[in-house]
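Taken together, the values in this text are just the output of simple stated rules run on the coordinates, not laboratory data. Everything numeric in this text was worked out from a predicted model, so none of it was measured. Cβ coordinates were reconstructed from backbone atoms using ideal geometry, including for glycine residues, and neighbour counts include every protein chain displayed.
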Amino acid sequence: MRRLRAILFQIHWLLGLGAGLILAVAGVTGALLSYEDAIGAFVDADLIRVAPRAENLLTPDALLARFHTQHRGTVVNLTLSAEPGTTAMMRLGRDPATDQRPPSLYLDPYDGTVLGAARTETVFATIRRLHRWLLLPGDGKGWGRTLTGLSVLALLMLLCTGLYLRWPKVMSWRIWLKPNLRQWGRPTYWSLHSVAGTWVLPIYLIIALSGLWWSFDGYRNVVTALLTRGETITRMADGKPQSGMEKPRSVGSESKPPPGRKEEGLGAPGAPSLDTAWAAFRAVQDGHFIRATLLLPAGFTGPVRVRSENPNGWRDDTRIEAATGRILVREIGGERPLGVRIAGNMLDVHSGRFFGPLGPPIFLIAALLMPLFLVTGLLLYIGRRKAKARRRSSAPPIAAATSGLRPRA
């Protein structure tokens with residue numbers, strides 16, 4: 001048993017020292033990303049709201065037409081709010097010359113005037129690349145994705161070995177959950193490291209298991225099959241399952257037009273009208289949404305997709321035939337089986353939003369604590385090395401003292 005503990009201890013500190021820095025970076029950046037929308041709304045408060053007016057709001061097609069008379073660019077999607085006085089948000093595609101995505105634009109919903117660009121998107125795009133791919137070349141197709149995936153696997157091993165090493169001989173909630181901060185030094189480092197690890201262990205387990213979703217395609221496919229158990233994620237409007245389950249996209253993948261067609265986006269010549277689809281969506285939702293994002297498939301073929309957020313926090317997915325307004329698919333988030341909801345909202349699981357209002361702040365604290373384990377683990381390792389060196393230097397030189405003695409005849 002002692003030998004097993006010694007082996008697990010060596011594995012624990014080796015993994016901690018090897019992956020600790022990456023996990024600390026992922027924790028801090030993940031904490032920032034979990035509040036990206038709130039931070040963006042605070043910084044762009046002067047652009048998000050306009051004074052309500054008596055005139056009617058512009059339709060999606062009219063908004064796009066006004067935009068194209070003022071600016072050039074590929075419009076990827078258009079987000080509209082159900083609350084009066086809230087601006088529309090237009091997300092642009094990548095610039096072919098620079099392969100960079102311009103920041104989203106805020107539009108006055110009454111006259112289509114571009115009020116300004118989202119101020120925090122560029123910063124958070126860099127933070128997201130650091131969180132997922134460590135800013136290494138290749139992004140989702142480079143070594144950064146592999147390194148973060150291996151670090152998440154290391155986190156799982158750290159949780160398992162740490163729990164085994166932490167398990168007290170005598171079960172007591174004071175030993176198990178209360179840190180000992182009376183004596184500063186190695187005992188305090190150990191108490192902070194072990195007790196804080198016990199508190200956040202279930203949170204880190206969820207973060208790790210959901211984080212692997214974006215690191216390894218095989219893992220994502222297996223977990224999707226286990227969670228859904230063959231249940232289709234998308235159902236037809238009449239309630240019948242749609243043939244085939246929508247395959248999750250690879251990390252970093254984007255919808256691209258067919259070969260030979262230039263990517264032009266929403267509102268471009270030849271694109272289907274959004275007004276009919278928007279009217280059909282509003283009729284079927286009957287006002288029960290906070291905001292909705294309209295997307296068209298690449299190549300202008302297929303239905304218009306509308307992703308909306310409900311007041312209860314769930315996200316609905318509606319696919320509408322652009323020409324006729326016929327509802328092809330209506331997926332209500334809160335009515336799906338639990339496994340299907342998890343598979344369809346893995347990002348919300350990863351950030352804590354899936355678990356209600358208390359989820360994000362709890363996950364935020366756990367993520368910000370990640371550097372604590374790196375620092376305390378490093379201090380414990382340095383202290384252990386110094387203690388070993390002191391024991392060696394203070395031990396009597398028995399071998400040297402007895403080396404010159406000869407046995408008596």
Global form of the stretch 73-134, assessed from the alpha-carbon gyration tensor, a/c cut-off 1.5: prolate
In the stretch 272-354, trypsin sites (Lys or Arg not before Pro) in a DSSP loop with at most 14 other beta-carbon atoms within 10 Å: R326
Whether the stretch 122-233 is rounded, prolate or oblate, judged on the alpha carbon gyration tensor where a/c under 1.5 counts as rounded: oblate
Cβ-placed point charges (K, R +1; D, E -1), dipole of the stretch 304-399 about Cα centre in debye, nearest 20: 1060 debye
